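Heads up: the structure comes next, in structure tokens.
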Amino acid sequence: MPELNLAQAVNQGLRQAMETDPNVIILGKDVGRKGGIFRVTEGLQQSFGEDRVMDTPLAELGILGASIGLAMAGMRPVCEIQYDGFMPSVLEQAICHLGRLRSRSCGKRSVGLVVRSPHGGGLRAPELHSESPEAYFAHTPGLKVVMPSTPEDAKGLIIAAIFDSDPVIFFEPKSLYLSLKGEVPTGPYETPIGMARLAREGTDISIVAWGSMVHTALRAAAILAEQDNVSAEVLDLRTLTPIDIEALVATASKTGRVVVCHEAPNTGSWAAEVSCLIHEKALLKLQAPVRRVGGWDIRMPAFKLEKYYIPDEDRVIKAVRETLSY
């Protein structure tokens, strides 16, 4: 299998989905001629034409609104919101229409579309370009929220999202676009939505993460094994909604201790939901309270301070040691 970075893997998934189904179309700011700000859609307009890969004005609410109409007419749109900090602009359409249409039509009408957006920090970008807004969308009934951490999963999940009958918010960790390579099967395939991935087996404590924080967790687990002789298990959620409750309960029951790490602020975060689910479903298996490691309850700071905001291995290791000593 060839090695691809995450951007190339998503590109290949988009291309193969478009080859499979002529109803798959792409729209968004700079997705056509420029191939996307991170080159995820590079070459697709040249291959499929301007009718299927469409550049739009910088109008996020209009991009999603048009995509909803296209999906209701039988198309399978994949729309891109250029940066995660612009995602709040689409909340009106996402909350009031996208997540409600199946329920509003008593199941007679589905809205199969994908909203792609880069996610999180790590690139030292300006304000509104390094946000982690997943909780807004995971809190909205009717939406599926997906965030891969490997090129292989990125390709399989984007194809699965495109052919899902429900709307999918597809976050792509921007710090992993070019920095991470992995083997990716050449042909089309789907990675199941709603199924977590065991990234590392362990026996002493579980670290639950998603997106780029999976790799921070893996680095922390390696250091803990070397320095503390601690066997840390790492669970990659991959899908935030529908969440894989069985996998959460299994890892919590196995180790008895859990640390949840993510980039967003802890208050009102999806990490809070994960922590609550573990306490509700596996309380009698726990030997310590679930601990969260997240961004601080402030706005993402200017790029010079970004490294102090995003959790690193040291903060994860500290949380693990404190949980083990409980």
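Read-outs: derived from the displayed coordinates by stated rules, not from any lab. What you see is a predicted model; the values in this text were computed from it and never measured. Don't worry about glycine lacking a Cβ; one is built from the backbone with ideal geometry, like all the others, and counts go over all protein chains shown.
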Strictly over 30 Å apart at the Cα level, which of Lys254/Lys307; Lys34/Lys144; Lys181/Lys281 would you flag in this model? Lys254/Lys307; Lys181/Lys281
Working out 0.36 nm times the residue gap between Lys108 and Ser47, then minus their Cα-Cα distance, what length gain in nm do you get to one decimal? 18.5 nm
Give me the base-10 log of I(q)/I(0) for the chain at each q in 0.10, 0.11 Å⁻¹, Debye formula, one uniform scatterer per Cα, rounded to two decimals. -0.55, -0.67
Net charge (Lys, Arg +1; Asp, Glu -1) of residues whose beta-carbon lies under 13 Å from that of Phe171, Phe171 excluded, is -3
Using alpha carbon centroids, what distance separates region 62-137 and region 158-221, in Å? 20 Å
For Thr267, what is the net charge nearby, where nearby means another residue's Cβ is under 11 Å from its Cβ and Lys, Arg count +1, Asp, Glu -1? 0
Using the basic label-point model (7 angstrom from Cα toward the beta carbon), what is the Glu183 to Lys34 distance in nanometres? 3.6 nm
Calculated FRET efficiency for the pair Ser89/Lys307, C-beta based, R₀ 22 Å, to 0.05: 0.20
Taking a ≥ b ≥ c as the square roots of the Cα gyration tensor eigenvalues, with a/c under 1.5 meaning rounded and otherwise prolate when a/b beats b/c, else oblate, which class fits region 85-178? oblate
If r is the Cβ-Cβ distance from Asp314 to Ser165 and R0 is 45 Å, what FRET efficiency results, to the nearest 0.05? 0.55
Computed from the beta carbon distance with a Förster radius of 22 Å, FRET efficiency for Ala225 and Trp296 to the nearest 0.05 stands at 0.20
Nearest 500 deg cm²/dmol is fine: what mean residue ellipticity at 222 nm does the chain get from its DSSP H runs of n ≥ 4 alone, each adding -39,500 (n - 2.57), divided by its residue count? -10000 deg cm²/dmol
Quick query: amide H of Arg292 versus all other amide H atoms, modeled in the peptide plane; which residues come in under 5 Å with a sequence gap of 5 or more or a different chain? Val260
Identify, among Thr150, Gly112, Tyr177, the residue whose Cα sits farthest towards the positive end of the charge dipole of the chain, taking +1 on the Cβ of Lys and Arg and -1 on the Cβ of Asp and Glu, with the dipole about the Cα centre. Gly112
Which three semi-axes in whole Å describe the equivalent ellipsoid of region 118-235, each the square root of 5 times a Cα gyration tensor eigenvalue, listed largest first? 25, 18, 15
Could you tell me what percent of the DSSP beta bridges with both partners in region 177-326 are antiparallel, to the nearest 5? 20 percent
Using the crude model of +1 on Lys and Arg Cβ and -1 on Asp and Glu Cβ, and no other charge, please compute the dipole size for the chain relative to its Cα centre, in debye to 20. 420 debye
How many times 2.2 N^0.38 Å is the alpha carbon radius of gyration of region 197-324? 0.98
Modelling each spin label as a point 7 Å along the Cα-to-Cβ direction, I'd like the Leu284/Ser325 distance in nm, to one decimal. 3.1 nm
What helices does the chain hold that run 30 Å or longer along their axis, going by alpha-carbon atoms, with a Kyte-Doolittle average of 0.0 or more, using DSSP H for the helix calls? none
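Evaluate the Kirkwood expression for the hydrodynamic radius of region 3-183, namely the inverse of the mean inverse distance over all pairs of different C-alpha atoms, and round to one decimal in Å. Can you show the working numbers first?
Working: mean 1/r = 0.0625 Å⁻¹.
After inverting the pairwise mean of 1/r, the radius is 16.0 Å.
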